[in-house]
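Presented below is the structure to which this report refers.
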Amino acid sequence: MKLYITPGSPYARIVRIVVLEKRLEGRVEIAVAQTRSADSSYYRIAASGRVPYLVRDDGIGLEESSVICRYLDHLDGKPAFDVSMDDAGWEALRLGALASSLMDGLSVWLRETRRPENEQSPGILRHETDRARRLIDLWEMEIECPTMQGKLNLAQVVLICALGLEARIRDFRWREGHPRLREWYDRLAARPSIAATAPPEAR
């Protein structure tokens, strides 16, 4: 199988962590895609031009990190990231959605900062900065939930990838005033699959 990524994509990072956690390095080849280029040959592979994109052994392509993670997790018949439809499972889904909200807003913020300065929207930047601030304050409380403190799950993976965008967004300074979230992040950041997929620093 071939997994198309860009090194700085937090969505691709989620899948890369699952590949490592499931010990699928021997089955999944990582390929860097050329995106946001009008004549990129990657568009003949993935019409949307988005990453991550997994081409299965049978040639079928899968989009969306959540779909790809679920597929990879079930390859060995022993899923490690499934949630049960009980109270604990719904709590994991709730927190996963909250982590995704943070990541989605940060991704908009990051894309805006990569535009030429005279094309950037102050309104969008202000909106996403404020959204991130509110969510980080909320996560300082939510991080104590058992779902976020127990065995590695996708809610944790999504949040760690979102917070890791501090390396790419210079003004995303979430650590100050959030000691519990900072301690949680630093502890998980040392995990081999997470350390190995750390995003590149902003240039």
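For the ranges 110-121, 188-199, what's the packing order if you count other beta-carbon atoms within 10 Å of each residue, average per peptide, and put the highest first?
Going from most to least packed, we get 188-199, 110-121.
What are the ³J(HN,Hα) couplings of region 156-171, residue after residue, when phi is run through the Karplus curve with 6.51, -1.76, 1.60 and θ = phi - 60°? Round to Hz, x for glycine and proline.
Residue by residue, region 156-171 yields 5, 4, 5, 5, 5, 6, 5, 5, x, 5, 4, 6, 10, 10, 4, 8 Hz.
By the gyration tensor of its Cα atoms, with a ≥ b ≥ c the square roots of the eigenvalues, what is the shape of region 44-203: rounded for a/c under 1.5, prolate for a/b over b/c, or oblate?
Note, shape of region 44-203 comes out oblate.
State, to one decimal in nm, how far the label point of LEU138 lies from the label point of ALA47, with both points 7 Å from Cα in the Cβ direction.
Distance between label points: 3.5 nm.
So for each of 174-183, 64-73 I average, over its residues, the number of other beta carbons within 10 Å; can you give me the resulting order with the highest mean first?
64-73, 174-183
From the P(r) of region 12-67, could you give the percentage of C-alpha pairs in the tail past 13 Å?
Within region 12-67, distances greater than 13 Å cover 62 percent of Cα pairs.
How charged is the neighbourhood of ILE5? Take every other residue with its Cβ under 12 Å from the Cβ of ILE5, and add Lys/Arg as +1 and Asp/Glu as -1.
Value of the local net charge: +3.
Where Lys and Arg each count +1 and Asp and Glu each count -1, what net charge lies around GLU176 among other residues with Cβ under 15 Å from its Cβ?
Once all neighbours under 15 Å are counted, the net charge is 0.
Among bridges DSSP assigns within region 2-73, what percent are antiparallel (round to 5)?
Given both bridge residues lie in region 2-73, the antiparallel proportion sits at roughly 60 percent.
Summing Lys, Arg as +1 and Asp, Glu as -1, what charge do residues with Cβ under 9 Å from the Cβ of ILE30 carry, ILE30 excluded?
Combined, the nearby Lys, Arg, Asp and Glu give 0.
Distance from the Cα centre of region 136-203 to that of region 2-78, in angstrom?
Cα centroid of region 136-203 versus Cα centroid of region 2-78: 22 Å apart.
Roughly how big is region 87-191's charge dipole about its Cα centre, with Cβ charges of +1 (Lys, Arg) and -1 (Asp, Glu), in debye to the nearest 20?
Here the size comes out at about 280 debye.
What does the charge dipole of the chain about its Cα centre add up to, to the nearest 20 debye, if the Cβ of each Lys and Arg holds +1 and the Cβ of each Asp and Glu holds -1?
For the chain, the charge dipole is close to 500 debye.
Give me the percent of DSSP beta bridges within the chain that run antiparallel, rounded to the nearest 5.
About 60 percent, rounded to the nearest 5.
No lab work stands behind these numbers, since they all come straight from the coordinates. Just so it is clear, the model here is predicted, and its values are computed rather than measured. Note: ideal-geometry Cβ built from the backbone for every residue, glycine included; neighbour counts use all protein chains shown.
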